[in-house]
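The values are calculated or read from the model by the stated rules, or taken from the named source; none is laboratory data. The model shown is predicted, which means the values in this text are computed figures rather than measured ones. Heads up, the Cβs are rebuilt from the backbone with ideal geometry, glycines too, and the neighbour counts pull from every protein chain shown. With ligands, DNA and RNA removed, areas are computed over all heavy atoms of the protein, side chains included. Shrake-Rupley method; radii C 1.70, N 1.55, O 1.52, S 1.80 Å.
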Amino acid sequence: MRLQAIIIKKQRKCVLLSGREVLEVACGSGYWTEVIGEVAKSVLATDIDLSLISIAKSRCKHLSNVRFQIADAYTLNDVPSGFDAALGIWWWSHIPKKCVPIFLSALHSKLESKALVLFVDQLSYDGFVRRQDSDGNILEQRILPDGGSFTIVKNFPTKQDITDYLKNIAYDIRYTEYPDEMSWSVIYRKK
Ligand SMILES: C[S@@+](CC[C@H](N)C(=O)[O-])C[C@H]1O[C@@H](n2cnc3c(N)ncnc32)[C@H](O)[C@@H]1O
């Protein structure tokens, strides 16, 4: 995570969000919410998990421009609109392929036209047991310390996949890979 912060700062992505009214999806424990909250005009950070939102709130309690809301990223019900930027870090890979258009449609409905959108996620890595479901999603097995296990969706979209999803709904699309950090980012503007 620390490395990701360096990437974002180095690449001036933080600066890109500076002064903007940012909608963050899947904020988790608020690591990035705090980073972005320090430069943005405001951040509304959302996640589906109340316990993570509570941790994020505590992390960002010194930032009066940061608010939180529980919301499902696929609907963003009750989330206000009019944001001029959006952010989703380590979220895209968990979206089932057929849900990506649903998610992007919900997100874009909350953004002004020309809003800046940033996603960052992981390039493929080794060391996990994986299989594919009938929709072509990669399912990755995660082992718990007590020996139990569970499965998550963990897709690794290519540049082509991402630009295909964004075709017709975005412009100024800039996709970058950071092999040293095993991550990719895409920055674009909503049409
Ligand atoms: C890998 S974590 C990333 C968290 C955070 N962005 C970060 O980088 O630390 C994925 C997050 O997605 C959230 N999540 C899962 N399903 C969701 C949904 N349908 N709507 C909103 N958030 C969801 C989880 O609660 C979790 O916080």
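Per-structure values
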item	result
Filtered residues of region 14-59 (kept if over 19 Å from Trp91 (Cα atoms) and either in contact (Cβ under 8 Å) with a residue 60 or more places away in the chain or not basic (Lys, Arg) (or both))	Val15, Leu16, Ser18, Gly19, Arg20, Glu21, Glu38, Val39, Ala40, Ser42, Ser58
Within region 29-44, tally of residues that are within 23 Å of Asp121 (Cα to Cα) and either within 9 Å of the ligand (Cβ to nearest atom) or open to solvent by 70 Å² or more (accessible area, probe 1.4 Å) (or both)	6
Failed item, numbered, when Glu24 is tested on (1) within 13 Å of the ligand (Cβ to nearest atom); (2) touching a Leu at 6+ places or on another chain (Cβ under 6 Å); (3) open to solvent by 40 Å² or more (accessible area, probe 1.4 Å)	(3)
Qualifying positions in region 61-78 - closer than 19 Å to Pro101 by Cα and either within 16 Å of the chain's Cα centre (by Cα) or away from the ligand (no atom under 12 Å from the Cβ) (or both)	Ala71, Asp72, Ala73, Tyr74, Thr75, Leu76
Unique residue being within 11 Å of the ligand (Cβ to nearest atom) and small (Gly, Ala, Ser) when the list is Ser58, Ser51, Ser81, Ser105	Ser51
Residue match in region 162-169 (condition: within 21 Å of the chain's Cα centre (by Cα), under 15 Å from Pro96 (Cα atoms) and not small (Gly, Ala, Ser))	yes
Strands (runs of 3 or more DSSP E) wholly inside region 116-191 containing at least 2 residues that are surrounded by fewer than 13 Cβ atoms within 10 Å (Cβ to Cβ)	130-132, 138-143, 149-153, 170-178
Positions within region 99-115 being open to solvent by less than 50 Å² (accessible area, probe 1.4 Å) and of a type outside the set (Gly, Ala, Ser), in sequence order	Cys99, Val100, Phe103, Leu104, Leu107, His108, Lys110, Leu111
